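One structure is given here, and the rest of the page talks about it.
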Amino acid sequence: MTVTAPAGFEAAGIAAGIKRTGALDLALIVNRGPSQQAAAVFTSNRAQANPIIWSRQVIADGRVAAIVLNSGGANCFTGPEGFQVTHRTAEAAASALEVSAGDVLVCSTGLIGDQLDGEVLEEGVLSAANRLSAEAQAGADAARAIMTTDTTPKTVVVEGAGWRIGGIAKGAGMLAPGLATMLVVITTDAELEASALDRALRQATRVSFDRLDSDGCMSTNDQVSLLASGASGVVPDEAAFTEALTAACLDLAAQLQADAEGASHDITIEVRGAETEDDAVEVGRSVARNNLFKAAIFGNDPNWGRVLAAIGTTQAPFDPYLVDVSMNGVRVCHAGRPDRPRDEVDLTPRATHVLIELHAGEATATILTNDLTHDYVHENSAYAS
């Protein structure tokens, strides 16, 4: 169920000594080929961590031999020294694997502003290289090594027609568009060129990770990497591959939502009847980022007025006095007026569905979010990874 499921990949996850707890904190994933095509998408935050700056350069030629990921420190706002740590990490992997450092992606996650120890990372990479394996446990260890406030690893496998997709992800807080505080590595043994991988990845992330908005906070370190080994020898139809990749990304996004920091509700906000898809996304996101709405859901209160108040702040074209709102299958607002009694809505289950019908067009979109809880506030008041 991880990145080692597709043929041509090896992985390792180790405790390099980055985290004070002694937990797994460094992962190495290697593409043994025969192809080493790749694509990646990154945070849209203008404040970007050193690994993002490095990896943007690496991915430019569409070729990646390996990726190193560490938890326990974001290596962001750490100056030129921090960039040198990222470079040193890539060089260590390149030396151990006999590849070019320019073909090694680097990802980091954890507390912003703390300098990582380059020697610890270098030694960790060399140790991980000696433990590389194609076995399932190796992929599972890699998934655990990238966790920060996550309570469980996130993994996925999707089967194609003679080819396979595998993936791992981390993320529990700072989950917002521009990808979420999220590191994702997806592997496939399908044979595809980098340009096709890039198109498929952008389409898949557009409707999955980009629509996960747990707390409205955008990270400096988000990166989704897609590596293709071509080891299956099968060249899939691009549309079929994109569909499978989208399914994998949606699965991982749902796992990220379910493990969001302190959450007691997983909220699906479905917007129908918008003039355009972008309008539907804007409307859904306005609700997902509304703290009054999120606090009401935490209290099991179907306060639909907060939904209407939130969507009224958008630029999307619709008449607020024609909008319908349903919560967990009960239409509580019809044409901007009360409908079914609030006490008919049961918000005690963790899964919460909010349907907003704008009656302005045919476009739809779905945004994933969570409620605002005491536990979320407590965890982020005391966070130090």
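Expressed in Å, the radius of gyration and Dmax of the Cα atoms of segment 46-91 are 10.6, 29.
The convex hull of the Cα atoms of segment 1-65, projected and averaged over all directions, covers 6.0 nm². Applying the Karplus relation 6.51 cos²θ - 1.76 cosθ + 1.60 with θ = phi - 60° to segment 296-302 yields 3J(HN,Hα) values of 4, 5, 4, x, 6, 10, x Hz, where x marks Gly and Pro.
Sorted from longest to shortest, the spans of the Cα atoms of segment 83-125 along the three principal axes equal 31, 17, 14 Å.
Computed over the chain, the range of Cα coordinates on each principal axis works out to 67, 48, 34 Å, biggest value leading. Over all Cα atoms in segment 287-385, the spread is summed up by Rg and Dmax: 14.7, 47 Å. Scanning the chain for trypsin sites (Lys or Arg not before Pro) that sit in a DSSP loop and have at most 11 other Cβ atoms within 10 Å, the longest stretch containing none of them is 47-385.
May I ask for the Kirkwood hydrodynamic radius of segment 193-258, worked out over all distinct Cα pairs and given in angstroms to one decimal?
On the way: mean 1/r = 0.0769 Å⁻¹.
Across segment 193-258, the inverse of the average 1/r is 13.0 Å.
The mean of 1/r over all distinct Cα pairs in segment 130-261, once inverted, gives the Kirkwood hydrodynamic radius of 14.9 Å.
With one equal scatterer per alpha carbon and no solvent term, the Debye-computed log10 I(q)/I(0) for segment 88-154 at 0.16, 0.21, 0.23 1/Å reads -0.65, -1.06, -1.19.
Ignoring any ligand, DNA or RNA, what whole percent of the accessible area of the chain comes from carbon and sulfur when the probe is 1.4 angstrom? Working shown, then result.
Values: 7290 of 14840 Å².
That fraction is 49 percent.
Structure remark: mean-square fluctuation, Gaussian network model of the chain, C-alpha springs under 10 Å; the largest value among ASP213, ASP114, ASP259 belongs to ASP114. Helix content alone sets the calculated 222 nm mean residue ellipticity of the chain: runs of n ≥ 4 DSSP H residues at -39500 (n - 2.57) each, divided across all residues, give -10000 deg cm²/dmol. Three principal axis extents describe the C-alpha atoms of segment 62-195; from largest down they are 46, 36, 31 Å.
Values of log10 I(q)/I(0) for segment 1-148 across q = 0.10, 0.12 Å⁻¹ run -0.29, -0.42, by the Debye formula with one identical scatterer at each alpha carbon and no solvent.
The values are calculated or read from the model by the stated rules, or taken from the named source; none is laboratory data. Quantities reported herein were computed from a predicted structural model and do not represent experimental measurements. Glycine gets a Cβ as well: all are built from the backbone with ideal geometry, and neighbour counts include every protein chain shown. These area figures cover heavy atoms from the full protein model, side chains too; ligands, DNA and RNA do not enter into them. Shrake-Rupley method; radii C 1.70, N 1.55, O 1.52, S 1.80 Å.
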